[in-house]
Amino acid sequence: MTYQLEAIRATIDERLREAREYRLVRAVQLKNRAERAAQRARQALTSLTA
């Protein structure tokens, strides 16, 4: 029974690590998208005022 519990715990730990890594990657993707949108907005404002 102890081996089964350890195997289950290892599986849960691995899934938690994978989920955390996914969230970090997603956060970086969203941050990059927001930065690109902000850059486009700044360019649009610059072209309007030029």
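The values are calculated or read from the model by the stated rules, or taken from the named source; none is laboratory data. Computed from a prediction, not measured in an experiment: that's the story for all the values here. Cβ sites come from the backbone with ideal geometry, for glycine too, and all protein chains shown count toward neighbours. The protein model used for the area step is the full one, side chains on, heavy atoms only, and it has no ligands, DNA or RNA in it. Shrake-Rupley method; radii C 1.70, N 1.55, O 1.52, S 1.80 Å.
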*How much length is gained if the chain between Thr11 and Ala44 is pulled fully straight, taking 0.36 nm per residue apart and subtracting their Cα-Cα distance, in nm to one decimal?*
7.0 nm
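Per DSSP H run of at least 4 residues, take -39500 (n - 2.57); add these up for the chain, divide by its residues and hand me the 222 nm value, nearest 500 deg cm²/dmol.
Helices in the chain give a 222 nm mean residue ellipticity of -36000 deg cm²/dmol.
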*About the Cα centre of the stretch 2-50, what is the dipole size in debye to 20, counting +1 per Lys and Arg Cβ and -1 per Asp and Glu Cβ, all else neutral?*
380 debye
*asked:* On C-alpha positions alone, give me the angle between the axis of helix 2-49 and the longest principal axis of the chain, in degrees, nearest 10.
replied: 0 degrees
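Given a 1.4 angstrom probe, what's the average accessible area per residue across the chain, in square angstrom?
Values: 4910 Å² over 50 residues.
For the chain, the per-residue accessible area is 98 Å².
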*Among Ala27, Gln39, Thr11, flag the residue with its Cα farthest along the positive direction of the charge dipole of the chain, charges on Cβ as +1 for Lys/Arg and -1 for Asp/Glu.*
Gln39
*With the full set of protein chains in place, find how many percent of the accessible area of the chain is carbon and sulfur; take the probe as 1.4 Å.*
60 percent
*With the radius of gyration and the Kirkwood radius both derived from the Cα set of the chain, what is their ratio Rg to Rh?*
1.53
